[in-house]
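First up is the structure itself, then whatever we jot down about it.
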Amino acid sequence: MQQHFSLADCDVVGFDLDHTLCRYHLPQSARLIYDSFAQYLVTEKGYDEDLLILSPDSLDFCCKGLVFDIEEGNFLKLAEDGTVLRASHGTKSMTPEEVLEAYGRREWKHFNTVSGMVSRTAKYYLYDNYFDLPGALLCARVVDSLDQHDGQKKYDFWKDMVAAIQHNYKISAFKEDCGTYFPEVKNHPDKYLQRCPESVKKWLKQMKNAGKILLLITSSHSDYCRLLCEHVLGNDFEEYFDILITNALKPGFFSHTPNQRPFRTLENDEEQEALLSLDKPGWYSQGNAIQLFDLLKKMTGKLDPKVVYFGDSMHSDIFPARHYSNWETVFILEELLGDKVTMPVKAESEPLEKKGKYEGDQLKVPYFVSKQWGSFFMDRLPGLENAEETLVHTWSCKCISTYSTIAIPSLEAIADLPLDYRFTRFSSNSSATAGYYPSPPRALLPNEDSVTMK
C-alpha cells in the first residue's frame with residue numbers, strides 16, 4: 001500500500017455525525033448523559049439515590065478504551081497483547097499486585113472476542129465513545145454501592161443499565177420527549193453543541209465543488225439528526241450532502257447484508273417500506289454498505305470508487321468501515337487535543353439566570369488524560385515494586401494504527417489544507433506515530449514517558 005493518503009484521490013467522502021461533524025461541549029454533555037442513566041436507575045429500578053450526586057472530579061474515571069468485565073465488576077485497561085495494564089473494582093483502582101493476582105501476565109480471557117470487535121455479549125462491554133463513557137462511571141459507582149450494601153461477588157445489574165440506555169436513546173424518545181437526554185438537548189442546544197467552524201463548512205463545499213460525493217451516515221434517528229445539523233451547520237445543511245443515512249445502526253450497517261438490513265425511505269421522520277435497491281441520492285434510513293456502494297458506482301461511473309469515512313468510534317465507524325468495506329478511515333480522536341494542553345471550556349452563551357439545572361458545579365474538561373487511567377496510548381506493565389519497568393502500547397493505540405488511515409483531533413485540524421495534501425498514513429512498516437496529524441501524542445514520543453504515565 002502506498003505510504004501517503006490524499007483526499008484528492010477519493011471519489012466519496014463520508015462522515016459520522018456525533019462527535020465528528022457535530023462536536024459537543026464535553027463536560028456538559030457528560031454530566032447530562034450520566035444524569036439521564038442515573039435518573040432511570042434510581043426512579044425506575046430502585047437504585048441508591050447517592051448515584052444522583054456527582055462530584056466535579058469524578059468524571060476523571062471516564063477514559064476511552066476501557067473494558068468492563070461485567071460479572072466481576074472490574075474495569076480494565078488492556079495492552080496491545082491483551083494483558084491487563086490497569087484495573088479498578090468499581091471506582092477503586094487495583095494495585096499492581098492485585099492486578100497481577102487477578103489477571104496474571106497473560107491475555108485476558110475475552111481478549112479474542114473483544115479484539116474482533118464483538119460487542120454483543122453479557123460478559124463485557126467496551127467503552128469507546130463519548131455517548132457511552134459516562135455510563136462507565138455510573139456502572140463503577142453501582143458496583144461500589146452494591147459492595148457496600150450487599151457484599152456481592154458477581155454482578156447482575158447490567159440488564160438495568162441496558163434498559164437505562166434504551167430508555168434514553170431509543171428511536172421514539174426524541175419525538176415523545178421521553179427520558180432526560182433529548183428534552184434537555186432540545187431545550188438548550190447551545191449548552192451542549194458546538195457550532196461547526198466556518199472553515200469546516202467551506203471545506204465541505206470545496207470538496208463538493210471538486211466533484212466529490214459527500215455522505216452523512218449516522219446511527220442517530222432522523223429527527224435528532226435534523227436538530228443537530230440545523231444547529232451546527234445551519235438550516236441549509238442538506239445542501240452539503242448528496243446522501244444522508246440516519247438510524248444506520250452501525251456497525252451493522254457495514255457488516256449486514258441487504259436482506260438483513262434494507263434501506264427504507266422516510267416520511268415525516270417515520271420509516272416507510274423497505275427498498276429492494278438504492279437508485280438515487282437522497283435521505284434514507286437504516287440500510288447497508290453493499291447497496292450504498294452499488295449506488296456510488298453508478299454515481300461515479302467507476303467500478304471501484306475510492307471512499308473515505310470520518311468517525312470517532314473505533315467499534316462503530318473505523319473498524320467496520322475498514323474491515324467489511326475496505327474504505328479509507330479517518331479517526332477523530334479528541335484525546336490528541338488534550339495531550340498538549342487541556343482545552344478551556346468555552347464561556348457560556350446564556351446569561352446566568354437562564355442556566356439549566358445541570359450546571360451547579362463547573363466540571364473539568366473530561367477524558368483527555370485521566371489521572372486514574374493514565375495515557376490512552378501507552379502505559380507501564382504492572383510490576384512489583386523493584387521490577388524493571390516496561391512501556392507498552394495500549395490495545396486502543398494498536399487499534400488506531402491497525403484500522404485507521406490517519407488520526408486527527410478534529411475536522412478543523414485539516415479543513416484549511418489543500419485537498420491534495422499528502423498525509424503519511426499508518427502502515428505496518430512505518431513508525432508508530434506516522435499517521436497522527438498534525439502531531440503524534442506526546443506519550444508515543446521517545447523520552448516523554450514521564451509526562452502522562454503517572
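The values are calculated or read from the model by the stated rules, or taken from the named source; none is laboratory data. Model, not experiment: these values are computed from the prediction. Quick reminder, even Gly has a Cβ in these numbers, built from the backbone with ideal geometry, and neighbours come from all protein chains shown. What goes into the accessible areas is simple: the full protein's heavy atoms, side chains included, and nothing from ligands, DNA or RNA. Shrake-Rupley method; radii C 1.70, N 1.55, O 1.52, S 1.80 Å.
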- [ ] Consider only pairs whose beta carbons are under 6 Å apart and that are at least six residues apart or on different chains; among these, list those whose first residue lies in the stretch 192-205 and is closer than 13 Å to Phe241 by Cα and whose second residue is open to solvent by less than 100 Å² (accessible area, probe 1.4 Å) and outside any loop (DSSP other than H, G, I, E, B).
- [x] Trp203/Ala415; Leu204/Tyr240
Open item on the list: Of the conditions (1) surrounded by 21 or more Cβ atoms within 10 Å (Cβ to Cβ); (2) of a type in the set (Gly, Ala, Ser); (3) in contact with a His (Cβ under 8 Å, 6 or more places away or on another chain), Ser404 satisfies every one except a single condition; which number is it?
Closed with: (3)
Open item on the list: What's the number of the only condition in (1) modelled with pLDDT of 95 or more; (2) closer than 17 Å to Cys63 by Cβ that Glu328 fails to meet?
Closed with: (2)
TODO: Give me a count of the residues in the stretch 234-249 that are surrounded by fewer than 21 Cβ atoms within 10 Å (Cβ to Cβ) and within 22 Å of the chain's Cα centre (by Cα).
DONE: 1
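Looking only at the stretch 119-137, count how many residues are farther than 23 Å from Ile332 by Cβ and assigned to a loop (DSSP other than H, G, I, E, B).
Qualifying residue count, the stretch 119-137: 4.
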Task: Conditions (1) at pLDDT 95 or above; (2) out of contact with any Cys (no Cβ under 7 Å at 6 or more places or on another chain); (3) buried (at least 16 other Cβ atoms within 10 Å of the Cβ); (4) more than 27 Å from Thr180 (Cβ to Cβ): number failed by Leu336 - done: (1)
- [ ] Identify, by number, the condition in (1) open to solvent by 40 Å² or more (accessible area, probe 1.4 Å); (2) in a helix (DSSP H, G or I); (3) more than 27 Å from Val200 (Cβ to Cβ) that Arg322 doesn't meet.
- [x] (3)
TODO: Enumerate the pairs (first residue in the stretch 316-328 and touching a residue at least 40 places away in the same chain (Cβ under 8 Å); second residue anywhere and acidic (Asp, Glu) and in a loop (DSSP other than H, G, I, E, B)) with beta-carbon separation below 7 Å, excluding pairs fewer than 6 apart on the same chain, so at least 6 apart or on different chains.
DONE: Asp317/Asp16
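Restricting to the stretch 73-101, give me the number of residues that are within 27 Å of Asp150 (Cα to Cα), small (Gly, Ala, Ser) and touching a His at 6+ places or on another chain (Cβ under 9 Å).
Summing the residues that are within 27 Å of Asp150 (Cα to Cα), small (Gly, Ala, Ser) and touching a His at 6+ places or on another chain (Cβ under 9 Å) in the stretch 73-101 gives 1.
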TODO: Would you tally the residues in the stretch 198-211 being touching a Leu at 6+ places or on another chain (Cβ under 8 Å) and either in a helix (DSSP H, G or I) or open to solvent by less than 40 Å² (accessible area, probe 1.4 Å) (or both)?
DONE: 7
Open item on the list: Any residue at all in the stretch 88-97 that's within 30 Å of Ile217 (Cβ to Cβ) and within 22 Å of the chain's Cα centre (by Cα)?
Closed with: no
Task: Selection from the stretch 49-99 of residues that are free of Cβ contacts under 8 Å to residues at least 60 places away in the same chain, surrounded by fewer than 21 Cβ atoms within 10 Å (Cβ to Cβ) and not in a loop (DSSP other than H, G, I, E, B) - done: Glu49, Leu52, His89, Lys92, Glu98
Task: Those strands (runs of 3 or more DSSP E) lying entirely in the stretch 246-286 with at least 2 residues on the phi > 0 side of the Ramachandran plot - done: 282-286
TODO: State whether one or more residues within the stretch 245-257 are among the hydroxyl-bearing types (Ser, Thr, Tyr) and assigned by the TED database to the domain that holds Ala30.
DONE: no
- [ ] Give Asp81, Asp128 a once-over and let me know the one that is in contact with a Gly (Cβ under 8 Å, 6 or more places away or on another chain) and under 18 Å from Gly374 (Cβ atoms).
- [x] Asp128
Task: Candidates Thr95, Thr113, Thr83 - the one that is closer than 25 Å to Ser255 by Cα and assigned by the TED database to the domain that holds Cys62 - done: Thr113
